[in-house]
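Participant: Here's a structure for you.
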Amino acid sequence: MADIPLVMPQLGVDIEEGQIDSWLKQVGDRVEKGEQIAMVTTPKVNLELEAPASGTLKEITVPADEIARVGDTLAIIAAD
Amino acid sequence: MPKELFVDPRATRRKGSLAFAEVPVHAYDTPFAEERGRRGDGALKEMLRHMLVVREFETMLGTFKATGAYAGMPFVYKGPAHLSIGQEGAAVGAALALRPEDHIFGSHRGHGEFIAKGLSAVAALAPAELIRVMEAHEGGALLRTVETFIGGGDEKAIAENFLLFGLLAEIFMRANGFNGGMGGSMHAFCLPLGIYPNNAIVGASAGIATGAALYKKLARSGGIAVANSGDGATATGPVWEAMTFASMAQYDRLWGEEKGGLPVLFFFTNNFYAMGGQTIGETAGWERLARIGAAANPSSLHAETIDGTNPLAVADAVARKREILLSGRGPALLDVECYRLSGHSTTDANAYRTREELAAWQEQDPITLFAAQLREAGILDAAGEQAMRDGVAEQIRKVTAAAIDPAAAPPVNVEADPILIGKLMFSNREAEPGPADPALAVAAEASSRVRQNLKKSRFGLSEAGEKLSPMRAITIRDALFEALLHHFIHDPSLIAYGEECRDWGGAFGVYRGLADVLPHHRLFNSPIAEAAIVATAVGYAMEGGRAVVELMYGDFIGRAGDEIFNQMAKWQAMSAGALKMPVVLRTSVGSKYGAQHSQDWTGLITHIPGLKVIYPATPYDAKGLLASALASDDPTVFFESQRLYDTTEMFHPGGVPADYYRLPVGVPDIKRAGSDVTILTIGPSLYPALAAAEQLQKDYDVSAEIIDARSLVPFDYDVVLKSVKKTHRILLVTEASERGSFAMTLAANIGRFGFKDLEAAPRVLGSPNWIVPGAEMESTYFPQAGDIIDVVCGELIPEKKVNRRGIRDWDDIALARRAL
């Protein structure tokens, strides 16, 4: 088992930040790789973030409504 | 946003073939005796009389044009006369099946349709209602004139004369024509009788009628919209765009409680000639016009080819299509074949058709055939027919005598009031917002976009004076959203559409989050059909609604040229104020995308009389000015710079108010006070000008006053002239190509109004008269701070002459010689 971080992806060359609109999974929930686990908002678009690995959502480091910079860790998944 | 429509590759890639709904051709075969039994002899005789009224009216106009006199009355009629002699069966047949609440939108050849629809409405309305309609028009003044100069008898007879006189006075451009003499032959209309504007642009009514149908559907105001046009119109893009817009599958598949097709009937009076070109065999390939319905949707638009020579066949078909439309299965199309016995216009020498063909169709004259049918059935004898013809001739003679009599129909006296026409261009009315829709207000509070905005700073700088990112402070994008949301909550008729407006939230995210709040019918994706986007908004507004529509890039204005320049801009004046045009056209000026996606075309729009034009550069101005545009009953083109969508508020103390507010349209705003030179900016040029001003102050001890135009039409020069009185020099900066730009207009006027205060001629710094280059070269194209400093120090204040910073080291006179 390894901890895999979910990071704020590069959402566009000139976009530096995104806001977590909502978490679709809570800490302790089972997640599958590719499953949608959070909604993120940039100034222009809303998009969904997918789980980078299958496992358990171990920790949410950026709660809903908070802003994170591109590359920031948003959550940790304890992978299978 | 979950996908509502799944594109299934298995279904999509499956082998198959397409079958088209059958398109009947001349299927009408109801026995005359059956029609007689159903309609009654009186109604059939009225059909003949209505055709005779149309024929005599058109003959009168043709005779005036050809001989300068009619029935012994000399008169010179200077305007157009696109006559419909020979097409009466189509007009009267259709009108017989229409109700007063059905609205027709016509073509340049619209007198017959106007008269037929009007006579049908007069027949249908109760006498008291007719009196109410006539009393409501110009406070009863036209009714009084008709009673005094024509008379007629009972309410119906008076109403017929009211109809014919109002039309003829309008054709003669008289002050008491139906449209105050501002419409004329090709634009006459009379709203209470369901006669909506005719149109001098071929096919233009198709999109407008489609928008009218959208309003009828959503407001449940009753009836159908009829788009009258000719066969030649099937070649025009806007007609195809209108049919595409009218046939969108989303009405049935995505609109929930508003499910159902648009109640619009595309009624093509097919006289086989597009002016002189022959649509069958020469300029089109459809062979039968009705075939084009098959291109639109699986029902082939319920298309039929019908016999326009027989008014009963037309009435039958229109009645059946009307049923289809009212049951939510529209749109529909009719190909109504008939023949124009008169020329296209009175200068038509018939060079394109033979005497044999004319003679063959004269034998199919709808009036002769129908009169014979009535005689054979014993409904009307020869004496009765002659009496009817004499009665119609006398009616037209009386109406004509009044219409050429200046005492009854005075000319429009522009000499007495030189800006009379100007005063009709805009209503300058603002609608007061209604109460909030509680359900929408609740949904809005819960939406992520609203919650996100609530957390943002209203000002662009933190308390420590640091610039905040667009995620942390209200941007122009957010400010526009807030104004829109308020109006959606308070104005139930407001709808928004354009390309990618719903799920995508607009290509630049202005609408992002609105889809969570608004049902589909208030915010939807349109087809990529700019002409239809604007034309339908015009029709929606004519019916009483309010639309905000979007052209993704200003560069697409060309695709909606007629709809913006001739329709949206013109109808308030051409109706002498009877119509209002609460349409906001949002469009963005691009950046980084090169020659066809980055042009500032404000100059094109400001050139057209009849449009208000706004181009904000700050969030505070964007919110307040969009709110004003959305409240206005006048058509507004609202430019937005893509480069500025993320711009935060740096000027207004306290930032962008969270509450609703409006700003006056037309008042330029001083963004930086100064004393040595005035810099007037349009749109995003504000920011390089501000940067230049800082440099000018720091490096050259030059104090620049910066004025942001904010609005281009209207424009209050006082703010600028006061500044010039102080600075004596002015530079105007725009991202538009200089030649013909609005900055050039402003400069010419400032030079004139402020001549005595100026020490140098007003100078325009715009983009050069060549293509916008790609992103890598943009800074060589749009005026930069260095270019501004070069002009201020190099030209306006020559004693400050410094080494050139920008690249604009060229000779404008030499460039002009090279067409640049």
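The values are calculated or read from the model by the stated rules, or taken from the named source; none is laboratory data. None of the values given here were measured: they were computed from a predicted structure. When we count neighbours, we look across all protein chains shown, and the Cβ atoms used for this are built from the backbone with ideal geometry, even at glycine. For the accessible areas, the whole protein counts, side chains as well, though only heavy atoms, and no ligand, DNA or RNA atoms are used. Shrake-Rupley method; radii C 1.70, N 1.55, O 1.52, S 1.80 Å.
Participant: Under 7 Å between Cβ atoms, which residue pairs at least 6 apart in sequence (or on different chains) link something in region B:1-30 that is touching a residue at least 24 places away in the same chain (Cβ under 8 Å) and within 14 Å of chain A (Cβ to nearest Cβ) with a partner that is surrounded by 10 or more Cβ atoms within 10 Å (Cβ to Cβ) and assigned to a loop (DSSP other than H, G, I, E, B)?
Facilitator: Qualifying pairs under 7 Å: B:MET1/B:ASP503.
Matching residues to (1) within 34 Å of the chain's Cα centre (by Cα); (2) surrounded by 15 or more Cβ atoms within 10 Å (Cβ to Cβ); (3) within 28 Å of B:LEU167 (Cα to Cα):
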site	(1), (2), (3)
B:ALA409	yes, yes, yes
B:ASN413	yes, no, yes
B:LEU424	yes, yes, yes
B:SER448	no, yes, no
B:LEU461	no, yes, no
B:GLY465	no, no, no
B:LEU468	no, yes, no
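Participant: Consider only pairs whose beta carbons are under 9 Å apart and that are at least six residues apart or on different chains; among these, list those whose first residue lies in region B:434-461 and is more than 12 Å from chain A (Cβ to nearest Cβ) and without any contact (Cβ under 8 Å) to a residue 40 or more places away in the chain and whose second residue is open to solvent by 30 Å² or more (accessible area, probe 1.4 Å) and in a loop (DSSP other than H, G, I, E, B).
Facilitator: Pairs found: none.
Participant: I'd like to verify a number: residues in region B:426-441 that are surrounded by fewer than 12 Cβ atoms within 10 Å (Cβ to Cβ) and either assigned to a helix (DSSP H, G or I) or over 28 Å from the mean Cα position of the chain (by Cα) (or both), how many?
Facilitator: Matching residues across region B:426-441 total 3.
Participant: Being on the phi < 0 side of the Ramachandran plot and within 14 Å of another protein chain (Cβ to nearest Cβ) is true for just one of B:ILE495, B:ILE528, B:ILE474, B:ILE489. Which residue is that?
Facilitator: B:ILE474
Participant: When you go through B:LYS3, B:LYS15 one by one, which is the residue that is charged (D, E, K, R) and either modelled with pLDDT under 95 or assigned by TED's automatic domain parsing to the domain that holds B:ALA315 (or both)?
Facilitator: From the options B:LYS3, B:LYS15, the qualifying one is B:LYS3.
Participant: Here is a list of conditions, (1) outside any loop (DSSP other than H, G, I, E, B); (2) in contact with a strand residue (DSSP E or B) (Cβ under 6 Å, 6 or more places away or on another chain), and B:VAL146 meets all of them except one; can you say which number that is?
Facilitator: Going through the list (1) outside any loop (DSSP other than H, G, I, E, B); (2) in contact with a strand residue (DSSP E or B) (Cβ under 6 Å, 6 or more places away or on another chain), B:VAL146 breaks only (2).
Participant: Something else about it: Out of region B:256-285, which residues are open to solvent by 20 Å² or more (accessible area, probe 1.4 Å), of a type in the set (A, V, I, L, M) and either outside any loop (DSSP other than H, G, I, E, B) or in contact with a Lys or Arg (Cβ under 6 Å, 6 or more places away or on another chain) (or both)?
Facilitator: Listed by number, the residues that qualify are B:ALA274, B:ILE280, B:ALA284.
Participant: While we're here: Just to be sure I understand the filter: pairs with C-beta atoms under 7 Å, separated by 6 or more residues or on different chains, first member in region B:348-377 and not assigned by TED's automatic domain parsing to the domain that holds B:LEU48, second member in a helix (DSSP H, G or I) and basic (Lys, Arg). Which pairs pass?
Facilitator: Pairs found: none.
Participant: Now, a different point. In region B:184-198, how many are at negative phi and out of contact with any Phe, Trp or Tyr (no Cβ under 7 Å at 6 or more places or on another chain)?
Facilitator: Going through region B:184-198 one residue at a time, the tally reaches 6.
Participant: Give region B:481-515 a look and list any residue that's part of a helix (DSSP H, G or I), of a type outside the set (Gly, Ala, Ser) and more than 21 Å from B:TYR215 (Cβ to Cβ), or say none.
Facilitator: B:PHE481, B:GLU482, B:LEU485, B:HIS486
Participant: Scan region A:28-74 for residues that are under 24 Å from B:ALA473 (Cβ atoms) and among the small types (Gly, Ala, Ser) and report the count.
Facilitator: Final tally of qualifying residues: 4.
Participant: Going by the structure shown, is A:LEU11 open to solvent by less than 30 Å² (accessible area, probe 1.4 Å) and either assigned to a loop (DSSP other than H, G, I, E, B) or more than 14 Å from chain B (Cβ to nearest Cβ) (or both)?
Facilitator: Against the criterion (open to solvent by less than 30 Å² (accessible area, probe 1.4 Å) and either assigned to a loop (DSSP other than H, G, I, E, B) or more than 14 Å from chain B (Cβ to nearest Cβ) (or both)), A:LEU11 does not qualify.
Participant: Scan (1) within 14 Å of chain A (Cβ to nearest Cβ); (2) small (Gly, Ala, Ser); (3) touching an Asp or Glu at 6+ places or on another chain (Cβ under 7 Å) for the single condition B:GLY509 breaks and write down its number.
Facilitator: (3)
Participant: Next question, about the same structure. Restricting the search to region A:39-55, which residues are in contact with an Asp or Glu (Cβ under 7 Å, 6 or more places away or on another chain) and either open to solvent by 50 Å² or more (accessible area, probe 1.4 Å) or assigned to a strand (DSSP E or B) (or both)?
Facilitator: A:MET39, A:VAL40, A:THR41, A:ASN46, A:GLU50, A:GLY55, listed by residue number.
Participant: For region B:714-820, which fully contained helices (runs of 4 or more DSSP H) count at least 3 residues that are buried (at least 20 other Cβ atoms within 10 Å of the Cβ) and either in contact with a Lys or Arg (Cβ under 7 Å, 6 or more places away or on another chain) or assigned by TED's automatic domain parsing to the domain that holds B:GLY554 (or both)?
Facilitator: B:785-791
Participant: Here is a further query. If you take the residues of region A:56-75 that are of a type in the set (A, V, I, L, M, F, W, C) and open to solvent by 30 Å² or more (accessible area, probe 1.4 Å), which of them is farthest from B:MET471 (Cα to Cα)?
Facilitator: Looking at residues that are of a type in the set (A, V, I, L, M, F, W, C) and open to solvent by 30 Å² or more (accessible area, probe 1.4 Å), I get A:ILE60.
Participant: While we're looking at this one, here's another question. Which ones in region B:685-698 are surrounded by fewer than 23 Cβ atoms within 10 Å (Cβ to Cβ) and either touching a residue at least 40 places away in the same chain (Cβ under 8 Å) or assigned by TED's automatic domain parsing to the domain that holds B:PHE639 (or both)?
Facilitator: Passing the criteria: B:TYR687, B:ALA691, B:GLN695.
Participant: Please go through (1) under 29 Å from B:GLY285 (Cβ atoms); (2) open to solvent by 10 Å² or more (accessible area, probe 1.4 Å); (3) charged (D, E, K, R) for B:ARG253 and return the number of the only condition it doesn't satisfy.
Facilitator: All conditions are met except number (1).
Participant: Can you list residue pairs whose Cβ atoms sit under 7 Å apart, with the first residue in region A:19-34 being touching a residue at least 40 places away in the same chain (Cβ under 8 Å) and away from every other protein chain (no Cβ under 14 Å) and the second being open to solvent by less than 50 Å² (accessible area, probe 1.4 Å) and of a type in the set (D, E, K, R)? Count only pairs 6 or more apart in sequence or on different chains.
Facilitator: A:VAL31/A:LYS25
Participant: Quick one: which residue in B:GLY261, B:GLY285 is in contact (Cβ under 8 Å) with a residue 40 or more places away in the chain and either of a type outside the set (Asp, Glu) or within 23 Å of B:LEU98 (Cβ to Cβ) (or both)?
Facilitator: The unique qualifying residue is B:GLY261.
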